[in-house]
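Chemist: The structure under discussion is supplied below as structure tokens; questions concerning it will follow.
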Amino acid sequence: MRQPRLSSVVERRLLVNYRVDPDTAARLLPPPLRPQLVHGHAVAGICLLRLGSVRPVRVPRALGLRSENAAHRIAVEWDGPDGVETGVYIPRRDTASRLNVWAGGRIFPGQHGHAGFEVQETPGRIRVAFATADGDTRVDVTVEPSRELRGSELFADLAEASRFFRAGAKGYSATRSGRHLDGMELHTDAWHVEAGRVRSAASSFFDDPDRFPPGTATLDCALIMRDVPADWRPLPAMAVR
């Protein structure tokens, strides 16, 4: 079945980013993917995404759906037919929408687990927490908007961080079969991010000492995207070698 392009509005997207030891990140990646390095660090994080008006392209916006979603991500590169390509590897996607759980991997790329979300949002503070139904993953993040990106060892300023994440629009997700990765690409002509200041961040994924031994994953920075129209375009599946 041909998977449709989807239109949406990114109502809120938090990118909570960690700098990670490259060898540790590499162990989490299926070939042919390898970590994309920034100043000697791998880059990983959590994307906390509320999408609105989600519907196939050409379907009226009024018929679109809304959902809270989360993805754990690692910035990656791989050798494509025209040279090195960049994007993100997503070992896990979760959503509050049971429709997304059913449709992910069937109607559109990306298998999803189900999770319960708790969101508290004001102009000056955003808290997103979720726990997965299978008990495997918990996240609780509070971020405040900031005029500048401060304290990051990955990026000199907001403009550099924005360029990096905009170039990583291709996302490849783990599948239950383990034989291939589902792919989807974000397209927008209205890309815009704000700097964020992390007030607190807890993640069972990044805080797991078996996955990330002490000192191998350090919270670095956060970015905020709000009210950005975006299309999501399926990519050909990538074979795992």
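Chemist: Can you find a residue in region 129-138 that is in contact (Cβ under 8 Å) with a residue 24 or more places away in the chain, under 15 Å from L15 (Cα atoms) and surrounded by fewer than 18 Cβ atoms within 10 Å (Cβ to Cβ)?
Modeler: Within region 129-138, not a single residue is in contact (Cβ under 8 Å) with a residue 24 or more places away in the chain, under 15 Å from L15 (Cα atoms) and surrounded by fewer than 18 Cβ atoms within 10 Å (Cβ to Cβ).
Chemist: Could you please find all residues in region 69-86 being touching a strand residue (DSSP E or B) at 6+ places or on another chain (Cβ under 8 Å) and farther than 13 Å from G110 by Cβ?
Modeler: Across region 69-86, the qualifying residues are I74, A75, V76, E77, W78, D79, V84, E85, T86.
Chemist: Now for a separate question. Which condition breaks for R176 when tested against (1) of a type in the set (K, R); (2) crowded, with 18+ Cβ neighbours inside 10 Å; (3) over 13 Å from the mean Cα position of the chain (by Cα)?
Modeler: The failed condition is (2).
Quick grid of which residues meet (1) out of contact with any Ser or Thr (no Cβ under 9 Å at 6 or more places or on another chain); (2) crowded, with 18+ Cβ neighbours inside 10 Å:
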position: V84; (1), (2): yes, no
position: P91; (1), (2): no, no
position: H112; (1), (2): no, yes
position: G116; (1), (2): no, no
position: V119; (1), (2): yes, no
position: G124; (1), (2): yes, no
position: E144; (1), (2): yes, no
position: A161; (1), (2): no, yes
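Chemist: Inside region 1-27, can you point out the residues that are among the aliphatic types (A, V, I, L, M) and either more than 27 Å from A156 (Cα to Cα) or surrounded by fewer than 18 Cβ atoms within 10 Å (Cβ to Cβ) (or both)?
Modeler: Listed by number, the residues that qualify are M1, L6, V9, A26.
Chemist: Yes or no: R199 in contact with an Asp or Glu (Cβ under 8 Å, 6 or more places away or on another chain) and touching a residue at least 24 places away in the same chain (Cβ under 8 Å)?
Modeler: Answer is yes for this residue.
Chemist: Which residues, counting only those in region 207-241, are surrounded by fewer than 13 Cβ atoms within 10 Å (Cβ to Cβ), farther than 24 Å from L149 by Cβ, in contact (Cβ under 8 Å) with a residue 60 or more places away in the chain and not charged (D, E, K, R)? Before you say what the answer is, go through the steps one by one.
Modeler: Residues of region 207-241 that are surrounded by fewer than 13 Cβ atoms within 10 Å (Cβ to Cβ), as a first pass: 208-210, 213-215, 227, 236, 239, 241.
Subsequent filtering for residues that are farther than 24 Å from L149 by Cβ retains 208-210, 213-214, 236, 239, 241.
Next cut, in contact (Cβ under 8 Å) with a residue 60 or more places away in the chain only: 213, 239, 241.
Hits for region 207-241 are P213, A239.
Chemist: Of the conditions (1) surrounded by fewer than 23 Cβ atoms within 10 Å (Cβ to Cβ); (2) in contact with a helix residue (DSSP H, G or I) (Cβ under 7 Å, 6 or more places away or on another chain), P35 fails just one. Which one is it?
Modeler: For P35, the exception is condition (1).
Chemist: Another question, if that's okay. In region 55-94, which residue that is over 12 Å from the mean Cα position of the chain (by Cα) and β-branched (V, I, T) is farthest from D21 (Cα to Cα)?
Modeler: Filtering first and then ranking leaves V59.
Where a number appears in this text, it was derived from the coordinates with a stated rule and is not lab data. Nothing here was measured: the structure is a model prediction, and the numbers come from that model. As a convention, Cβ positions derive from the backbone with ideal geometry for all residues, glycine included, and neighbour counts pool all protein chains shown.
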